[in-house]
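Peer 1: Got a structure for you, questions after.
The values are calculated or read from the model by the stated rules, or taken from the named source; none is laboratory data. Nothing here was measured: the structure is a model prediction, and the numbers come from that model. Reconstructed Cβ throughout: ideal geometry from the backbone, glycine too, with neighbour counts over all protein chains shown. For accessibility, only protein heavy atoms count, side chains too; no ligands or nucleic acids. Shrake-Rupley method; radii C 1.70, N 1.55, O 1.52, S 1.80 Å.
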Amino acid sequence: MKRPTIHDLATAAGVSVATVNRILGGTVAVRPKTVQRVQSAAEEIGFYGIGAIDDRARKISPHYRLGFLLQQSTRDLYQVFGKKIVTACRERRDEVIDPVVDFVDILTPETISSRLIALGDACDAVAVVAADHPIIGQAIRSLKEMGKPVVSYITDQSAPERAAYVGTDNWKLGRTAAFLITQTTQGAGRIAVFIGNHRYQCQDVSDASFRSYLREHAPRLTVEESRPTHEESSEAYRMVAELLKTTDDLVGILIVGGGITGVLRALREVSSERRSGIKVVCRDIGPETRKGLSEGLITAALCHPLEATSALLVQTMIDVIGPQAPFATLQRSIPFEIVTPENI
């Protein structure tokens, strides 16, 4: 096949040959949107000078350094979150973004606060996954005063100085979890609820709406007090194993925080007949959750669509940077996915 020419590129992009030559030469100003249009056309037709066009696009595009403070580097789920965020940054066409992904393993408010401040010092904006706590709120306030907006990710913060929230509708998520357990169980029974920490807004709201649905539609089911796992699988294992030993009417488990590995470990230690009578609904999906679904131990996982959520997070962080940022706090919700053993 004939190698595409400059004339072919100009035609494909809907610009003049002179405009393409100016972009390739790199010495005359061209509007960023025009460069991006020519860049897209060059990729589409396989133009030989795509490297020079990419270089020009990078030089004239806005540059941002975005920080992402995630939790627990040892958890596969957060590693997946981090990778999807980096991919979303790399796929931006209108900006050049340098992502800085950091993990906090010691989940004390003081540690998270200090890491958040440090990340904000080095970045234009920061996203954070953290429990809602006054010390963390003070860090968000300090960063706003420095002109560094903070976006709460997955779980919201009560600090009025936060710039935005990006995540799912946790009220709907909790009621959906209750609907699934109600539809897959019969008769009376006990439901156990496990959260990571009472200060995670996403978990607390999901817990409240879960109970709201059951009070309204399934009074036959008794919901126990929420048990915090502190995001530790060993703690989840200990509590579920104890429940299985001391009760014979457990029919459902909702786990909206960390610890699914421990829950599954405890279930694998009882008979298949006992396991089949316990419906488990959890949040988000990592390797262990995927395995639990394939084994039929998990009824459903209610998940953030990672690519779409990561793209929305990056876009939101760009939107809250600079003098054109909206005055009000942005609330951007994205529909969650329902993953079952049949559609995994």
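Peer 1: Looking at (1) buried (at least 22 other Cβ atoms within 10 Å of the Cβ); (2) out of contact with any strand residue (DSSP E or B) (no Cβ under 8 Å at 6 or more places or on another chain), which is the only condition Arg175 fails?
Peer 2: (1)
Peer 1: Please state which of the following conditions Val166 fails to meet, knowing it meets all the rest: (1) within 16 Å of Pro335 (Cβ to Cβ); (2) among the aliphatic types (A, V, I, L, M); (3) assigned to a helix (DSSP H, G or I).
Peer 2: (3)
Peer 1: Of the residues in region 18-39, how many are of a type outside the set (D, E, K, R) and exposed (fewer than 14 other Cβ atoms within 10 Å of the Cβ)?
Peer 2: Step one: filter region 18-39 for residues of a type outside the set (D, E, K, R), giving 18-21, 23-30, 32, 34-36, 38-39.
Checking which are exposed (fewer than 14 other Cβ atoms within 10 Å of the Cβ) leaves us with 18, 21, 25-29.
Number satisfying all stated conditions: 7.
Peer 1: Also, quick follow-up: Between a residue in region 328-344 that is in a loop (DSSP other than H, G, I, E, B) and any residue that is charged (D, E, K, R) and open to solvent by 90 Å² or more (accessible area, probe 1.4 Å), which pairs come within a Cβ distance under 7 Å, given they are 6 or more apart or on different chains?
Peer 2: Ile344/Arg290
Peer 1: Right, next: Hey, among the residues in region 58-81 that are of a type in the set (Ser, Thr, Tyr) and touching a helix residue (DSSP H, G or I) at 6+ places or on another chain (Cβ under 8 Å), which one's modelled with the lowest pLDDT?
Peer 2: Filtering first and then ranking leaves Ser61.
Peer 1: Let me ask something else. State yes or no: is Ile106 touching a Cys at 6+ places or on another chain (Cβ under 8 Å) and either within 18 Å of Gly322 (Cα to Cα) or open to solvent by 50 Å² or more (accessible area, probe 1.4 Å) (or both)?
Peer 2: Numbers: touching a Cys at 6+ places or on another chain (Cβ under 8 Å): no; either within 18 Å of Gly322 (Cα to Cα) or open to solvent by 50 Å² or more (accessible area, probe 1.4 Å) (or both): yes.
The answer is no for Ile106.
Peer 1: Now for a different question. So Ile344 fits all but one of (1) more than 25 Å from Gln203 (Cβ to Cβ); (2) among the β-branched types (Val, Ile, Thr); (3) open to solvent by 50 Å² or more (accessible area, probe 1.4 Å); what number is the exception?
Peer 2: Of (1) more than 25 Å from Gln203 (Cβ to Cβ); (2) among the β-branched types (Val, Ile, Thr); (3) open to solvent by 50 Å² or more (accessible area, probe 1.4 Å), only one is false for Ile344: (1).
Peer 1: Considering each residue of region 287-323, count those that are under 14 Å from the mean Cα position of the chain (by Cα), in a loop (DSSP other than H, G, I, E, B) and surrounded by 19 or more Cβ atoms within 10 Å (Cβ to Cβ), and give that number.
Peer 2: 1
Peer 1: Considering only residues that are open to solvent by less than 40 Å² (accessible area, probe 1.4 Å), of a type outside the set (S, T, N, Q) and not in a loop (DSSP other than H, G, I, E, B), which ones fall in region 187-203?
Peer 2: Listed by number, the residues that qualify are Gly189, Ile191, Ala192, Val193, Phe194, Ile195, Cys202.
So that you can scan it fast, the table gives a plain yes or no per residue for (1) under 21 Å from Val256 (Cβ atoms); (2) touching a Lys or Arg at 6+ places or on another chain (Cβ under 8 Å); (3) open to solvent by less than 30 Å² (accessible area, probe 1.4 Å):
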{"residue": "Ser114", "(1), (2), (3)": "no, no, no"}
{"residue": "Ile117", "(1), (2), (3)": "no, no, no"}
{"residue": "Asp124", "(1), (2), (3)": "no, yes, no"}
{"residue": "Val128", "(1), (2), (3)": "yes, no, yes"}
{"residue": "Ala139", "(1), (2), (3)": "no, no, yes"}
{"residue": "Glu145", "(1), (2), (3)": "no, no, no"}
{"residue": "Val151", "(1), (2), (3)": "no, yes, yes"}
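Peer 1: Can Ile45 be described as under 22 Å from Gly322 (Cα atoms) and open to solvent by 50 Å² or more (accessible area, probe 1.4 Å)?
Peer 2: no
Peer 1: Quick one: which strands (runs of 3 or more DSSP E) lie wholly within region 204-286 and hold at least 1 residues that are surrounded by fewer than 20 Cβ atoms within 10 Å (Cβ to Cβ)?
Peer 2: By residue number, 221-223, 250-255.
Peer 1: Collect the residues in region 233-248 that are polar (S, T, N, Q) and under 28 Å from the mean Cα position of the chain (by Cα), keeping them in residue-number order.
Peer 2: Taking region 233-248 and keeping what is polar (S, T, N, Q), we get 233-234, 246-247.
Correct list: Ser233, Ser234.
Peer 1: Yes or no: Arg220 in contact with a strand residue (DSSP E or B) (Cβ under 6 Å, 6 or more places away or on another chain) and charged (D, E, K, R)?
Peer 2: So Arg220 fails the test.
Peer 1: Name the strands (runs of 3 or more DSSP E) wholly within region 44-163 that hold at least 3 residues that are touching a His at 6+ places or on another chain (Cβ under 8 Å)?
Peer 2: Filter on region 44-163 gives 96-104.
Peer 1: Are there any pairs, at least 6 apart or on different chains, whose C-beta atoms fall under 6 Å, with the first in region 146-157 and free of Cβ contacts under 8 Å to residues at least 40 places away in the same chain and the second in a strand (DSSP E or B) and open to solvent by 10 Å² or more (accessible area, probe 1.4 Å), and if so, which?
Peer 2: That search, which allows pairs on different chains as well, returns Ser152/Tyr165.
Peer 1: Follow-up. Here is a list of conditions, (1) out of contact with any helix residue (DSSP H, G or I) (no Cβ under 7 Å at 6 or more places or on another chain); (2) open to solvent by less than 20 Å² (accessible area, probe 1.4 Å), and Leu180 meets all of them except one; can you say which number that is?
Peer 2: It fails just one condition, (2).
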